[in-house]
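A.B. asks: Structure incoming, see below.
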Amino acid sequence: MKKIFLLIATIAISSFTAFSQDQDPKAKSILDDLSKITKAYKTITSEYIFTILNKDKKQTEKQTGKVQVKGVKFKLDIPGNTIVCDGKTIWAHNKDANEVTIKNFDSNNEDQLNPSKIFTMYETGYKYKYEKEEKVGSAICHVITLYPSVKPEKKKFHTVKIYVDKTKKQIAKLVMLMKDGTTQSYDIKTFKANAEIADVVFVFDLKPFKADQVTDERDL
């Protein structure tokens, strides 16, 4: 679970800014289109597979999950945990311990879990280069390599590869090359945009829990 949180938190970069002139123009054009299309979506629902390979490229972990996003609101379901955020408050439910932790949510905090920015992770703090076309499943994808340009020494990874579906202009896959030699991949299995999602989905129901099962860390 912590490794999935690390992946999401690490790539959750803030708002879109202008790219510097030394960026690859082909990659820039593709990412500009991707950003425009993604930001036009009212909601996103996606199922994914998260995989970790060790230095010998042998699989050490594989988990599935689902994320629902509506503006700054999100709900993330992964094995053993559910994370819900209404844009102001974030609830983390550890199903194994049957405990809930509540915190204030800050969309500008790069260290805080924020799946609402997964699909625009490339926007700020990276240099990028167009690599090639590659098939992912049945889709032909552009492969663009990203290199952190803001405090790279503090990142746990040195390279990110983003796979963009040529036809759908959506992210199909993310691969992170970590400084410890491991590889973390994030494969988008389903992607649905603009489906109706009620706001109640992004509010966690505390009624079934006793007081000693809830830890409230909010600054009220």
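Quick note: the coordinates plus some simple rules give every number you see, no bench work behind them. Given the structure is predicted, the values throughout are model-derived calculations rather than measurements. Methodologically, a virtual Cβ is constructed for each residue, glycine included, from the backbone with ideal geometry; neighbour enumeration extends over all protein chains shown.
A.B. asks: Can you pick out the pairs among K95/K210; K70/K156; K55/K129; K132/K169; K95/K179; K88/K168 whose Cα atoms lie more than 20 Å from each other?
C.D. replies: K70/K156; K55/K129; K95/K179; K88/K168
A.B. asks: Kindly put K75, K207, K132 in sequence by how many other C-beta atoms sit within 10 Å of each C-beta, fewest to most.
C.D. replies: Details: K75 22, K207 4, K132 9.
Placing the least packed residue first, the sequence is K207, K132, K75.
A.B. asks: Turning to a different aspect of this structure: Near the amide H of K156, under 5 Å away, which other amide H atoms are found, from residues 5 or more places off or on another chain, if H is placed in the peptide plane?
C.D. replies: none
A.B. asks: Related question: Exactly which GluC sites (Glu not before Pro) in segment 140-220 are in a DSSP loop and have at most 11 other Cβ atoms within 10 Å?
C.D. replies: E196, E217
A.B. asks: Sort segment 113-220 into rounded, prolate or oblate with this rule: let a ≥ b ≥ c be the square roots of the eigenvalues of the Cα gyration tensor; rounded if a/c is under 1.5, and if a/c is not under 1.5, prolate when a/b is larger than b/c, oblate otherwise. Numbers along the way, then the final one.
C.D. replies: Values: a/c = 2.59, a/b = 1.53, b/c = 1.69.
Cα axes put segment 113-220 in the oblate bin.
A.B. asks: Between H158 and N94, with labels modelled 7 Å along Cα→Cβ, what's the label distance in nm to one decimal, could you check?
C.D. replies: The answer from the label model is 3.4 nm.
A.B. asks: Right, another one. Could you give the nm distance between label points at S138 and D216, where each point is 7 Å from its Cα heading toward the beta carbon?
C.D. replies: 5.0
A.B. asks: I've got another one for you. For segment 152-209, what's the relative contact order in percent, using C-alpha pairs closer than 8 Å and at least 6 residues apart? Could you put the intermediate results ahead of the total?
C.D. replies: Working: 58 pairs, mean separation 13.2, N = 58.
Relative contact order for segment 152-209 comes out at 23 percent.
A.B. asks: What is the distance, in nm, between label points placed 7 Å from the Cα along the Cα-to-Cβ direction at T64 and at D106?
C.D. replies: Once both label points are built, they end up 3.7 nm from each other.
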